[in-house]
Amino acid sequence: MGESFFFGLDGPLDALPGEGQMRAANFEGFGDLVRNCGGDPRWVLERHGMDLSAIRDPDYYINCQSLVDVLEYCSAAFDQPLFGLRLAQNQEPDVYGCVTALCRAAPTVRHAIASLMEYIPVVHSPITMMELVEGKDTAELRWAVGADLGTNNQAHYQAVVLDMKVLKLVGGRAFRPSYVNLTVDTRRKDIPEVETSLGCTFHSRAMTSAIAFPTAILNQPVATANRLLFRLLGGYLERVKSASRTTIVERVEDYVRGSLPSGTCSIERCARKLGSSVRAPQWDLSEHGVRFSDILEKQRVELAKSYLEQGQLSLDEIAVLLGYSEQSSFGRAFKRWTGSTPQRFRAVTDSPPR
């Protein structure tokens, strides 16, 4: 193993959402809420071309338009004008996944908000646009959607509650919102419930959606700050953002790399992860002259060599990380790939130059 090696990754640990997609985490608690309203969540989802199993894994990707359409349908069908707000009330700020973890580890509220704005569009929802506008006394965290999704009231209600939860998470007890603006047209009789949920004055039919708070809070330290985690996770997300791996081949490569250790890496699961039918990735890959099995083998070869060169893992551990149940299966595969056994490859790599 080279002495300069300390810590590294061979690539992104998961595929990113594609254009018009978002993480299925936004559906957390959806089934329970629909049942409480007297509905059947499976029927509602199937009516909109979605599968209930597709929302059970928060890291699967769904179509943004599908989320908007489902929430708007539920609002009308169950006579719940604040359906999106009530859905978010029962959700955790961890709906935003690793971005929430990064915010929680940030040194100050300013760093946390900067992380939220920077990486929500990278790993959660690419069509989300956020900005921080600072005034002398009041700052606003503003957001908008960079796509025409039609009537979109319920997703806005959900977003403002989730964003507020993240701000309260990092701001602690000292965080007190000054007011909230939303572009939605809220019924007058529903405004008191919205204000109670948000804990501040609420203005509907605004030009821009925003959460306002005292500017001084920005420099407040975050109680859960963790410098090591912030630098490691922030560095990883910045590399992912810079890599901009958005082609179908790159997305499948990233899926394979992240799912190999689970032992359940397959074209079927890959398709579900990417929010498509099984035939879609097969067809798209064939257009690039590759098959899923080609990508799977290529990733295993590259990762196997990297793990062996690093010298920190046993052969049993490497076999598991590559999705093999037995070391012998890994050994036979490695011999077929390279003409050498894993033991011989590692011995040659560790040998000092003459």
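Values computed for the structure shown
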{"read-out": "Flag for S286 being of a type in the set (S, T, Y) and under 20 Å from the mean Cα position of the chain (by Cα)", "value": "no"}
{"read-out": "Matching residues, the stretch 151-168, being open to solvent by 60 Å² or more (accessible area, probe 1.4 Å) and assigned to a helix (DSSP H, G or I)", "value": "K168"}
{"read-out": "Test: L229 is open to solvent by 50 Å² or more (accessible area, probe 1.4 Å) and modelled with pLDDT of 95 or more", "value": "yes"}
{"read-out": "Sole exception among (1) out of contact with any strand residue (DSSP E or B) (no Cβ under 9 Å at 6 or more places or on another chain); (2) touching a residue at least 60 places away in the same chain (Cβ under 8 Å) for V123, by number", "value": "(1)"}
{"read-out": "Qualifying residue in the stretch 162-171 (condition: hydrophobic (A, V, I, L, M, F, W, C) and touching a strand residue (DSSP E or B) at 6+ places or on another chain (Cβ under 7 Å))", "value": "yes"}
{"read-out": "Filter pass, L198 being among the hydrophobic types (A, V, I, L, M, F, W, C), in contact with a helix residue (DSSP H, G or I) (Cβ under 9 Å, 6 or more places away or on another chain), closer than 26 Å to V68 by Cα and modelled with pLDDT under 95", "value": "no"}
{"read-out": "Set G289, G311: member being open to solvent by 50 Å² or more (accessible area, probe 1.4 Å) and at positive phi", "value": "G289"}
{"read-out": "Filter result for L102 (at pLDDT 95 or above, open to solvent by less than 20 Å² (accessible area, probe 1.4 Å) and closer than 30 Å to L321 by Cβ)", "value": "yes"}
{"read-out": "Criterion: touching a strand residue (DSSP E or B) at 6+ places or on another chain (Cβ under 9 Å) and of a type in the set (G, A, S) - qualifying residue of S242, S197, S209", "value": "S209"}
{"read-out": "Those residues of the stretch 273-306 which are free of Cβ contacts under 8 Å to residues at least 60 places away in the same chain, among the small types (G, A, S) and under 22 Å from R332 (Cα atoms), in sequence order", "value": "S293, A304"}
{"read-out": "Single match in S178, S209 (criterion: at pLDDT 95 or above, open to solvent by 40 Å² or more (accessible area, probe 1.4 Å) and in contact with a Phe, Trp or Tyr (Cβ under 8 Å, 6 or more places away or on another chain))", "value": "S178"}
{"read-out": "Condition met for Y236 (of a type in the set (F, W, Y), within 25 Å of the chain's Cα centre (by Cα) and open to solvent by less than 30 Å² (accessible area, probe 1.4 Å))", "value": "no"}
{"read-out": "Qualifying residue in the stretch 278-297 (condition: among the small types (G, A, S) and touching a Pro at 6+ places or on another chain (Cβ under 9 Å))", "value": "no"}
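Yes/no matrix, rows are residues, columns are (1) polar (S, T, N, Q); (2) touching a residue at least 24 places away in the same chain (Cβ under 8 Å):
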site	(1), (2)
M130	no, no
T138	yes, yes
L141	no, yes
G150	no, yes
D163	no, yes
V180	no, yes
R187	no, yes
P192	no, no
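Here is a yes/no grid of residues against (1) of a type in the set (D, E); (2) touching a His at 6+ places or on another chain (Cβ under 8 Å):
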residue	(1), (2)
C64	no, no
D69	yes, yes
E92	yes, no
R110	no, no
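The values are calculated or read from the model by the stated rules, or taken from the named source; none is laboratory data. What you are looking at is a predicted structure, and each value in this text was computed from that prediction instead of being measured. FYI the Cβ positions are ideal-geometry reconstructions off the backbone, even for glycines, and counts take in every protein chain you see. All accessible areas refer to the heavy atoms of the entire protein, side chains included, with ligands and DNA or RNA removed. Shrake-Rupley method; radii C 1.70, N 1.55, O 1.52, S 1.80 Å.
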